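Q: One structure coming up, written as structure tokens, with questions to follow.
Read-outs throughout are calculated quantities, based only on the coordinates presented, and are distinct from any laboratory measurement. Remember, predicted model here, so these are calculated numbers, not experimental data. Please note: Cβ atoms are built from the backbone with ideal geometry, for glycine as well, and neighbour counts cover all protein chains shown.
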Amino acid sequence: MKKTELTISESEAIRLYPTASKELKLMLEKAFGKEALCYKITDKVKIVADAYKVKGIDRKDIIPFPTPKNNFQEAQNAIADIWIIAEVLCEGWEADYDNSKQTKWFPVYKKETSGFGFSRSIAYYDYTDTFSGSRLCFPTEELSDYFGNQFIETMNIILIKKNN
């Protein structure tokens with residue numbers, strides 16, 4: 001039997017684990033420990049930096065303006081952050097707009113005196129539609145609610161133009 005050595009990062013192991021075969025799960029558990037691999041994504045992603053850590057990338061390699069000089073550049077960075085957060089929270093799930101039977105949840109915000117606040121999550125069952133784009137759709141109401149509440153400060157950077 002041919003023996004091959006495989007090198008894998010913890011973040012890649014975490015990404016592969018939920019859909020891995022039984023044999024691969026056992027190998028990953030032996031290498032990283034079951035506790036590191038079995039988790040709820042919302043327990044791992046509490047702040048923006050956590051999403052980058054889970055994805056295994058450095059934020060400075062993604063954001064367009066490492067040192068933002070104005071509100072527009074700050075908002076562009078926040079958009080990059082939000083897309084990474086949503087991708088990580090969805091754990092590989094993608095909205096399929098050709099499938100009207102697939103439920104797609106998205107957060108809805110309301111204007112408050114201090115900025116925008118999370119209002120609720122909405123899903124459409126009878127037709128395929130979105131007001132947030134596919135990058136901000138979630139497979140469950142729970143994930144959409146979590147995203148809407150947990151990352152409201154980052155969303156406010158995008159939604160509210162500050163006066164300089």
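Q: Among Lys55/Lys101; Lys69/Lys161; Lys55/Lys161; Lys2/Lys30, which pairs are too far apart, with a Cα-Cα distance over 22 Å?
A: In this structure, Lys55/Lys101; Lys55/Lys161 lie more than 22 Å apart at Cα.
Q: Now for a different question. May I ask you to evaluate 6.51 cos²θ - 1.76 cosθ + 1.60, the Karplus curve with θ = phi - 60°, for each residue of the stretch 11-23 and list the ³J(HN,Hα) values in order in whole Hz, giving x for glycine and proline?
A: Working through the residues one at a time gives 5, 6, 4, 4, 5, 7, 3, x, 10, 6, 5, 4, 5 Hz.
Q: Can you tell me how much longer the chain between Asp98 and Glu153 gets when fully stretched, taken as 0.36 nm per residue apart minus their C-alpha distance, in nm with one decimal?
A: Between Asp98 and Glu153, full extension yields an extra 16.6 nm.
Q: Taking the dipole about the Cα centre of the chain, with the C-beta of Lys and Arg at +1 and of Asp and Glu at -1, give me whichever of Thr154, Ala20, Pro68 is farthest to the positive side.
A: It is Pro68, whose Cα lies furthest towards the positive end.
Q: With the cut-off at 1.5 for a/c, could you classify the chain from its C-alpha gyration tensor as rounded, prolate or oblate?
A: Oblate.
Q: Quick one: which residues, 5 or more positions from Trp105 or on another chain, have an amide H under 5 Å from its amide H? H modelled 1.01 Å from N in the peptide plane, none for Pro or chain starts.
A: The answer is Phe138, Thr140.
Q: Within 10 Å of each residue's Cβ, count the other Cβ atoms and sort Thr67, Thr4, Thr154, Thr19 from fewest upward.
A: Least crowded to most crowded, the residues run Thr4, Thr67, Thr19, Thr154.
Q: Based on DSSP H runs of at least 4 residues, each adding -39500 (n - 2.57), what is the mean residue ellipticity at 222 nm of the chain after dividing by all its residues, to the nearest 500 deg cm²/dmol?
A: The helix contribution divided over the chain gives -12500 deg cm²/dmol.
Q: Okay, moving on. Applying 1/(1 + (r/R0)^6) with R0 = 35 Å to the Cβ-Cβ distance of Glu87 and Lys111, what FRET efficiency is obtained, to the nearest 0.05?
A: Between Glu87 and Lys111 the formula returns 0.80.
Q: Okay, next question. Could you list Ser119, Ser144 in order of exposure, starting from the residue whose Cβ has the fewest other Cβ atoms within 10 Å?
A: Lowest to highest Cβ neighbour count: Ser119, Ser144.
Q: Taking only C-alpha pairs under 8 Å that are 6+ residues apart, what is the relative contact order of the chain in percent?
A: 21 percent
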